[in-house]
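Data block below; observations after.
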Amino acid sequence: MLNDKIIDNRKRLDQLKSEIEASGITPGLASQATQLVFGDGNPNAEVLFIGEAPGKQEDLQGKPFVGASGRFLDEMLESIGLKRQDIYITNIVKYRPPNNRDPLPEEKRAFLPYLQEQLEIIQPKIIVTLGRHSGGCFVPDLHISKDHGKPKRLKLQFHDDKTNNFAVVVLPLYHPAAALYNGGMRQMLLDDFSQIPAILKKIKDTVSK
Ligand code: URA
């Protein structure tokens with residue numbers, strides 16, 4: 001049963017990836033990028049991470065968070081007993097912005113319906129947003145300095161059925177890149193990360209009651 005779901009979700013994600021590649025989305029970014037960086041990990045994950053946009057290494061390898069930020073992310077995952085295979089990870093914007101500039105509002109808007117579809121397929125219990133760009137897509141008026149590490153319960157609508165929705169907890173965190181050269185920030189991220197297992201347990205306890 002679980003295996004069937006994983007296979008089915010993987011197939012749906014592969015189809016979605018092909019759909020984005022064929023869509024002609026953000027031609028300015030696509031023409032300068034090596035490839036689309038769609039997402040990676042467990043297609044049935046309970047915890048799903050969303051970053052900003054691929055950097056140089058991600059663009060070359062076709063996978064999110066494989067550079068310096070990714071190494072710190074792996075360390076944080078390990079600190080709560082998780083591996084890449086346990087989680088799913090993606091970005092809002094799926095082509096690398098030139099010279100790693102911030103993604104533009106219209107680029108984020110263009111990719112948002114596809115991100116929504118990824119979420120609908122995987123239906124994670126927790127969405128961990130990494131940085132203000134991805135946090136801002138879920139939490140209106142996000143102030144990362146005061147909102148980081150504070151879980152919020154949200155209802156996400158299915159894009160093709162406005163009467164249907166699923167509940168999810170969004171945990172806004174700083175982007176791992178912010179911690180690369182700042183020891184205080186590093187500890188703050190590790191502390192915020194350490195809440196993930198308890199949040200997950202609380203969600204599961206609530207659902208089974
Ligand atoms: N930063 C991001 O936001 N995403 C990546 O995939 C890599 C670095």
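The values are calculated or read from the model by the stated rules, or taken from the named source; none is laboratory data. What you see is a predicted model, and the numbers here were worked out from it, not measured in a lab. For neighbour counting, all protein chains shown are included, and Cβ atoms are generated from backbone atoms with ideal geometry for every residue, glycine included. Ligands, DNA and RNA are stripped out before the accessible areas are found, and what is left, the full protein with its side chains, is counted by its heavy atoms. Shrake-Rupley method; radii C 1.70, N 1.55, O 1.52, S 1.80 Å.
General remarks:
Each row is one residue, and each column tells you yes or no for (1) modelled with pLDDT under 95; (2) among the aromatic types (Phe, Trp, Tyr); (3) closer than 20 Å to ASP102 by Cβ.
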| site | (1), (2), (3) |
| --- | --- |
| LYS125 | no, no, no |
| LEU130 | no, no, yes |
| PRO140 | yes, no, yes |
| HIS143 | no, no, yes |
| ASP147 | no, no, yes |
| PRO151 | no, no, no |
| ASN165 | yes, no, no |
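- Counting only residues that are away from the ligand (no atom under 14 Å from the Cβ), over 24 Å from SER31 (Cβ atoms) and not polar (S, T, N, Q), the range 97-136 holds 8 of them.
- The residue that is surrounded by the most Cβ atoms within 10 Å (Cβ to Cβ), counting only those in the range 58-89 that are more than 8 Å from the ligand (Cβ to nearest atom) and β-branched (Val, Ile, Thr), is ILE87.
- Some residue of the range 1-16 being in a loop (DSSP other than H, G, I, E, B), modelled with pLDDT under 95 and out of contact with any His (no Cβ under 9 Å at 6 or more places or on another chain): yes
- Scanning the range 175-199 for residues that are touching a residue at least 60 places away in the same chain (Cβ under 8 Å) and not hydrophobic (A, V, I, L, M, F, W, C) turns up HIS175, PRO176, ARG186, SER194, PRO197.
- Restricting attention to the range 24-40, the residues that are assigned to a loop (DSSP other than H, G, I, E, B) and open to solvent by 30 Å² or more (accessible area, probe 1.4 Å) add up to 5.
- Residue within the range 123-143 that is free of Cβ contacts under 8 Å to residues at least 40 places away in the same chain and in contact with a Gly (Cβ under 6 Å, 6 or more places away or on another chain) present: yes
- Looking only at the range 42-56, and only at residues there that are within 11 Å of the chain's Cα centre (by Cα) and open to solvent by 20 Å² or more (accessible area, probe 1.4 Å), the one that is farthest from the ligand (Cβ to nearest atom): ALA53
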